[in-house]
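These notes concern the structure reproduced below.
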Amino acid sequence: MDGIARAPPPLGIALRMACDPAPVPRPAIGTSMTQETARILVADHRGTGLEGRAAYLAARSYELCRTNSLRTTVRQVEAFRPGVILLEPLTHAGAEELEALELARGPALVLIQCDRDDLGAPLRAGRALALGAWDLVFRDASDEELELRLARLLARARELQEMGELRHSASHDDRTDLLRPMAFQARLVEHFAATQRHEDLELALALIDLDKFGAINKRHDHTVGDILIARVGEVIRRSLRTEDAAGRLGGDEFAVLLPYTGKINAARVVNRLRTEIAKLSGHIEGAREDVPVSASIGFETFDGRDLDSLDTLRRHAEVALRLAKRRGGDQGVYYRNMPAEAE
């Protein structure tokens, strides 16, 4: 039987045995997971090893959810959204349980209870739980040691989160959350080289420039331009697949990298981006009147053989972008469809 236990202030109050069906939101990024806020999913798959641990943790003001099967644990990872999973594996090896948890747990940490003579436990855990932080606690360890390991695990998670946020801030633009120029260039170099190595892959690069953005800044307060830039960034992020990359190159200039994409699908993405950006037209906070919004987009493709360098790919996209702007904007231009004299 599964259940959540929210410990009241007095010690020794029994656990409540009913799980909330509704998901519990995770703490916001940057919120420290202290003892008072940490949610612990007590996964007692063996059914004999964690009863006392759960009672101790409940009395220490942790918020608990109890499960006794892998199926229920996986379900409650999504519903309860724990910060830590305290696991008592059903089997001595527990490899399948750890692999299932790795797929389901998201950013949750894992603390595994095992026998002191189980020398293979660290190796199994390390193989299965490749991401995030995890630790082991021996079955005969004291409750105080268990809590210490939980505290250390939570502290390690905070360190990893802070490091991740710093890395993200260093590589992503503050206003749009798109890649900064150097980070985007690194991704572009990486995918161009991969396309050269694998002839069955294709690559598309699109450069985006907002039309008459300088006039918008002159006509309205600069905060209007800042809001617009942020909204364009959101449109671009929503339009990308997992493998795509996008960057803010500066001001109102953006770039989109589309791996494994030929000219037809690239044209579809470009048209979708152009259409979605145009939909931003209208009221923007702080503007004197409705703001017309559109973008010019130039793009080029590479099949691994038909261009001599990355510089050529980028130059072709820039030439196509200039033509889109000369034609009045609010359009996409494919370099290879340009008339010869246009370059």
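Summary table
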read-out: Extreme residue, nearest to Arg197 (Cα to Cα), among residues of the range 256-288 that are β-branched (Val, Ile, Thr) and not in a helix (DSSP H, G or I); value: Thr261
read-out: Elements of type helices (runs of 4 or more DSSP H) in the range 99-212, at least 2 residues being farther than 30 Å from Ala245 by Cα and not assigned by TED's automatic domain parsing to the domain that holds Arg231; value: 121-128, 143-171
read-out: Tabulated pairs, the range 263-279, first within 15 Å of Val333 (Cβ to Cβ), second of a type in the set (S, T, N, Q) and in a helix (DSSP H, G or I), C-beta under 7 angstrom, 6+ apart or interchain; value: Val269/Ser239; Leu273/Ser239
read-out: When residues of the range 240-254 are limited to those that are closer than 12 Å to Thr176 by Cβ and in a strand (DSSP E or B), the one nearest to the chain's Cα centre (by Cα); value: Ala246
read-out: Residue match in the range 131-150 (condition: at pLDDT below 90, at positive phi and surrounded by fewer than 18 Cβ atoms within 10 Å (Cβ to Cβ)); value: yes
read-out: Selected residue (criterion: farthest from Pro259 (Cα to Cα)) from residues of the range 288-319 that are touching a strand residue (DSSP E or B) at 6+ places or on another chain (Cβ under 6 Å) and without any contact (Cβ under 8 Å) to a residue 40 or more places away in the chain; value: Asp290
read-out: Number of the condition not met by Leu11 [criteria: (1) out of contact with any strand residue (DSSP E or B) (no Cβ under 6 Å at 6 or more places or on another chain); (2) within 22 Å of Glu147 (Cβ to Cβ); (3) modelled with pLDDT of 85 or more]; value: (3)
read-out: Failed condition for Glu318, given (1) in a helix (DSSP H, G or I); (2) modelled with pLDDT under 95; (3) among the acidic types (Asp, Glu); value: (2)
read-out: In the range 330-343, the residues that are crowded, with 21+ Cβ neighbours inside 10 Å and either small (Gly, Ala, Ser) or at pLDDT below 95 (or both); value: Gly332
read-out: Subset tally (residues that are at pLDDT 95 or above and buried (at least 19 other Cβ atoms within 10 Å of the Cβ)) for the range 276-290; value: 2
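To keep it simple, each residue is scored yes or no on (1) surrounded by fewer than 16 Cβ atoms within 10 Å (Cβ to Cβ); (2) closer than 21 Å to Leu273 by Cα; (3) aliphatic (A, V, I, L, M).
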{"site": "Thr176", "(1), (2), (3)": "no, yes, no"}
{"site": "Leu179", "(1), (2), (3)": "no, yes, yes"}
{"site": "Met182", "(1), (2), (3)": "yes, no, yes"}
{"site": "Val189", "(1), (2), (3)": "yes, no, yes"}
{"site": "Leu203", "(1), (2), (3)": "no, yes, yes"}
{"site": "Ile216", "(1), (2), (3)": "no, yes, yes"}
{"site": "Ile227", "(1), (2), (3)": "no, yes, yes"}
{"site": "Val232", "(1), (2), (3)": "no, yes, yes"}
{"site": "Arg237", "(1), (2), (3)": "yes, yes, no"}
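To keep it simple, each residue is scored yes or no on (1) within 32 Å of the chain's Cα centre (by Cα); (2) in a strand (DSSP E or B); (3) surrounded by fewer than 16 Cβ atoms within 10 Å (Cβ to Cβ); (4) of a type in the set (Gly, Ala, Ser).
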{"residue": "Ser296", "(1), (2), (3), (4)": "yes, yes, no, yes"}
{"residue": "Phe299", "(1), (2), (3), (4)": "yes, yes, no, no"}
{"residue": "Arg305", "(1), (2), (3), (4)": "no, no, yes, no"}
{"residue": "Asp308", "(1), (2), (3), (4)": "no, no, yes, no"}
{"residue": "Leu313", "(1), (2), (3), (4)": "yes, no, no, no"}
{"residue": "Arg322", "(1), (2), (3), (4)": "no, no, no, no"}
{"residue": "Gly328", "(1), (2), (3), (4)": "no, no, yes, yes"}
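The values are calculated or read from the model by the stated rules, or taken from the named source; none is laboratory data. Nothing here was measured: the structure is a model prediction, and the numbers come from that model. Virtual Cβ from ideal backbone geometry, glycine too; neighbours counted across all protein chains shown.
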